[in-house]
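The values are calculated or read from the model by the stated rules, or taken from the named source; none is laboratory data. Computed from a predicted model, the values in this text were never measured in an experiment. Virtual Cβ from ideal backbone geometry, glycine too; neighbours counted across all protein chains shown.
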Amino acid sequence: MTATKQDFTVYRGETKTLQVTVKDAAGAAFDLTGAPAVTWRLGPLAGGAATLTKSLGSGVTIVGATSGRFDVAVSAADSAAIAAGHYLHQAVVTDAAGDVETVTVGTVTVKERLS
């Protein structure tokens, strides 16, 4: 179920919406109906404490439960607060049965904006 190499670039001070579609092992949309938790984190490539965290009701919105789709909203203030560099991002879903799964991972490149 984990989608790997979900890499993207964001410029500091930029607004970004990540659209994530969760698939099951057979490649079908994973039903997020009743999922009590969806958390997205961005942090150092080497691991450690998250630099930025978004969760349901606080930056993460399920926009198509039966189609497995949720969005992560990164505000301009969020991205402006992150130093330029390379980071790891991952999203974790707790489904209605209480099972916890990392559903997407990748690298984020944060770049400086030209003034």
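For the reader, a short list of remarks on this structure follows.
- Residue count, region 93-111 (criterion: touching a strand residue (DSSP E or B) at 6+ places or on another chain (Cβ under 7 Å) and over 14 Å from V38 (Cβ atoms)): 7
- Selection of region 58-88 for residues being buried (at least 17 other Cβ atoms within 10 Å of the Cβ) and closer than 11 Å to T39 by Cβ yields G59, V60, F70, V72.
- Close Cβ contacts (under 7 Å, 6 or more residues apart or on different chains) running from residues in region 15-26 that are in a strand (DSSP E or B) to residues that are loosely packed, with under 12 Cβ neighbours inside 10 Å and among the polar types (S, T, N, Q) are absent.
- Restricting region 89-99 to residues that are on the phi < 0 side of the Ramachandran plot and more than 11 Å from the chain's Cα centre (by Cα), the residue that is surrounded by the fewest Cβ atoms within 10 Å (Cβ to Cβ): A97
- Whichever residue in region 74-92 is in a strand (DSSP E or B) and among the small types (G, A, S) and, among such residues, is farthest from V110 (Cα to Cα): A91
- Here R69 meets the list (1) at pLDDT below 95; (2) farther than 30 Å from L114 by Cα almost entirely, failing just condition (1).
- Selection count, region 11-44, where residues are of a type in the set (K, R) and either crowded, with 17+ Cβ neighbours inside 10 Å or more than 27 Å from R113 (Cα to Cα) (or both): 2
- F8 vs. criteria in contact with a His (Cβ under 9 Å, 6 or more places away or on another chain) and either at negative phi or loosely packed, with under 12 Cβ neighbours inside 10 Å (or both): yes
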